């Protein structure tokens, strides 16, 4: 249930985000979701794609350091307190959240959040024991196609 996420360091300048996205687009790699966090000098582009191995290979062949990390996609109720419910489950299990970003895809009254945990396997066990739906890459891709 863990997803593979690619992270790239980019200079914080015009065109820096376009270049890796263009490489992936020309190779036919579709982005499932992305997040960009920045500082004054650089940004971290985080990508989830269906074929992460091909994407990583392509990016590295073109001079990017594409770090691979495990993340977890979690279905969350799209209502006030939906995120708090998930965070409470994690807190009760002693699970640390390193970062989280929202996925723009909604399915009925449910949204999707992508989490990076210090221990993703423990987080998945804790979430599933609380009946929280953890999504895999294929489920995310199916939702995009719907």
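Taken together, the values in this text are just the output of simple stated rules run on the coordinates, not laboratory data. All values derive from a computational prediction rather than experimental measurement. Ideal geometry is used to build each Cβ from the backbone, glycine not excepted, and the neighbour counts take in all protein chains shown.
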What does the extension gain come out to for residue 119 and residue 85, with contour length at 0.36 nm per residue minus their alpha carbon separation? 10.3 nm
Measure nothing but the geometry: give the 0 to 90° angle between the long axis through the Cα atoms of 120-129 and the longest principal axis through the Cα atoms of the chain, rounded to 10°. 30 degrees
Would you mind listing how long the stretch 89-145 runs along its three principal axes, going by Cα atoms, in whole Å with the largest first? 35, 22, 20
Label points 7 Å out from Cα along the Cβ direction at residue 16 and residue 109: separation in nm? 4.2 nm
Expected-Rg normalisation [2.2 N^0.38 Å, Cα atoms] applied to the chain: 1.08
How far, in degrees from 0 to 90, does helix 82-92 lean away from the longest principal axis of the Cα atoms of the chain, to the nearest 10? 80 degrees
Rough spin-label spacing in nm, given labels placed 7 Å along Cα→Cβ, for residue 130 and residue 78: 2.2 nm
How far is the Cα center of the stretch 1-59 from the Cα center of the stretch 75-125, in Å? 22 Å
How big is D, in µm² s⁻¹, for the stretch 3-69 by Stokes-Einstein at 25 °C and 0.890 mPa s if Rh is the Kirkwood radius over C-alpha pairs? 208 µm²/s
Report the gain in length on full extension from residue 42 to residue 70: 0.36 nm times residue separation, minus Cα-Cα distance, nm rounded to one decimal. 7.9 nm
